[in-house]
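A short write-up of the structure that comes next.
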Amino acid sequence: MRQAGFLRVAGADEAGRGSLFGPVFAAAVVLSPDRPVRGLADSKQLPAERREELAGHIRERAVSWAVAAVDARVIDCINIYQASRLAMKQALEQLHPKGDYLLLDALTVDLPQPQQGLIRGDATCQCIAAASILAKVARDRVMREWDCVYPQYGLARHKGYATGDHLKALHRYAPTVEHRFTYQPVQAATPRWLWWLSEQRRRNGAAEAGWLWR
């Protein structure tokens, strides 16, 4: 893309799409050709300490970067695919300077810049890998904070994913209001009295989510 004349190629990726709890995060990054970050890779393939180290280098050396999040209520209203697109769009819109060409992991967004979605983009494209690292580091940090609010679920360990410990905690304590009620494991652990609350949340959030998506 740089050889084709684009000066600010932005990569974007999400983190937390498969989690049962909390927001989906996305990041966008325009890397500098003059200040490369060595060792970029798919965030899922890196240990936590290495992700934190690389995230610091990315924030320091990138031309621009941004992180955005879409919460569980909106995820339940518009589904996780659309919520992931929304989070990526918001991160890309926050870039300053903005990207003039967009590379995204496996999807596209409603923005005017030319763009392409790359399958396994976080494993093959450096700017997408950088975005995946920033999104993952930001979301993991928030999960550690939520762990202080709901320590019985073990969020700091599994980051909200469907591990055995998390599923046992869901059935023992029932889901929190920050869980994603449209996800089957959460539905299976939801008592009837909590269905009313989750349905009210979905209905009340529908108009807001629609406005955000437009």
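The values are calculated or read from the model by the stated rules, or taken from the named source; none is laboratory data. Source: prediction; values computed, not measured. With ideal geometry, Cβ positions are generated from the backbone for all residues, glycine too; neighbour counts draw on all protein chains shown.
So, in the range 48-70, exactly how many residues are surrounded by fewer than 17 Cβ atoms within 10 Å (Cβ to Cβ) and either among the acidic types (Asp, Glu) or more than 15 Å from Ala15 (Cα to Cα) (or both)?
If we filter the range 48-70 for residues that are surrounded by fewer than 17 Cβ atoms within 10 Å (Cβ to Cβ), which is where we start, we get 48-50, 52-53, 56, 59-61.
Checking the rest, the ones that are also either among the acidic types (Asp, Glu) or more than 15 Å from Ala15 (Cα to Cα) (or both) come to 49-50, 52-53, 56, 59-61.
So the answer is 8.
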Is there a residue being in contact with a Gly (Cβ under 7 Å, 6 or more places away or on another chain) and surrounded by fewer than 16 Cβ atoms within 10 Å (Cβ to Cβ) anywhere in the range 128-151?
no
Breaking point among (1) acidic (Asp, Glu); (2) modelled with pLDDT of 95 or more; (3) out of contact with any strand residue (DSSP E or B) (no Cβ under 9 Å at 6 or more places or on another chain); (4) surrounded by fewer than 17 Cβ atoms within 10 Å (Cβ to Cβ), for Glu199
(2)
Could you please give the count of residues in the range 32-65 that are assigned to a strand (DSSP E or B) and touching a helix residue (DSSP H, G or I) at 6+ places or on another chain (Cβ under 7 Å)?
1
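In the range 1-31, what count of residues is obtained for those that are surrounded by 14 or more Cβ atoms within 10 Å (Cβ to Cβ) and either in a loop (DSSP other than H, G, I, E, B) or not hydrophobic (A, V, I, L, M, F, W, C) (or both)? Explain how you work it out, then say what you get.
Filtering the range 1-31 down to residues surrounded by 14 or more Cβ atoms within 10 Å (Cβ to Cβ) leaves 1, 6, 8-17, 19-31.
Within this subset, residues satisfying the condition of being either in a loop (DSSP other than H, G, I, E, B) or not hydrophobic (A, V, I, L, M, F, W, C) (or both) are 1, 6, 8, 11, 13-14, 16-17, 19-20, 22-23, 31.
Adding up the residues that qualify gives 13.
Listed here are the residues, each with its yes/no results for (1) of a type outside the set (A, V, I, L, M, F, W, C); (2) at pLDDT below 95.
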| residue | (1), (2) |
| --- | --- |
| Arg51 | yes, no |
| Arg59 | yes, no |
| Ala68 | no, no |
| Gln116 | yes, no |
| Ala123 | no, yes |
Wholly enclosed helices (runs of 4 or more DSSP H) of the range 100-164 bearing at least 2 residues touching a residue at least 60 places away in the same chain (Cβ under 8 Å) and aliphatic (A, V, I, L, M):
126-149
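Condition first: closer than 11 Å to Leu20 by Cα, part of a loop (DSSP other than H, G, I, E, B) and modelled with pLDDT under 95. Can you find one or more residues in the range 179-190 that meet it?
The answer is yes, given that some residue of the range 179-190 is closer than 11 Å to Leu20 by Cα, part of a loop (DSSP other than H, G, I, E, B) and modelled with pLDDT under 95.
For the range 70-79, which positions are modelled with pLDDT of 95 or more and either assigned to a helix (DSSP H, G or I) or touching a helix residue (DSSP H, G or I) at 6+ places or on another chain (Cβ under 8 Å) (or both)? Give the steps one after another, and end with the answer.
Start the filter on the range 70-79 by keeping residues that are modelled with pLDDT of 95 or more, which leaves 70-72, 74-75, 78-79.
If the condition is that a residue be modelled with pLDDT of 95 or more and either assigned to a helix (DSSP H, G or I) or touching a helix residue (DSSP H, G or I) at 6+ places or on another chain (Cβ under 8 Å) (or both), then Val70, Ala72, Val74, Ile75, Ile78 are the ones that fit.
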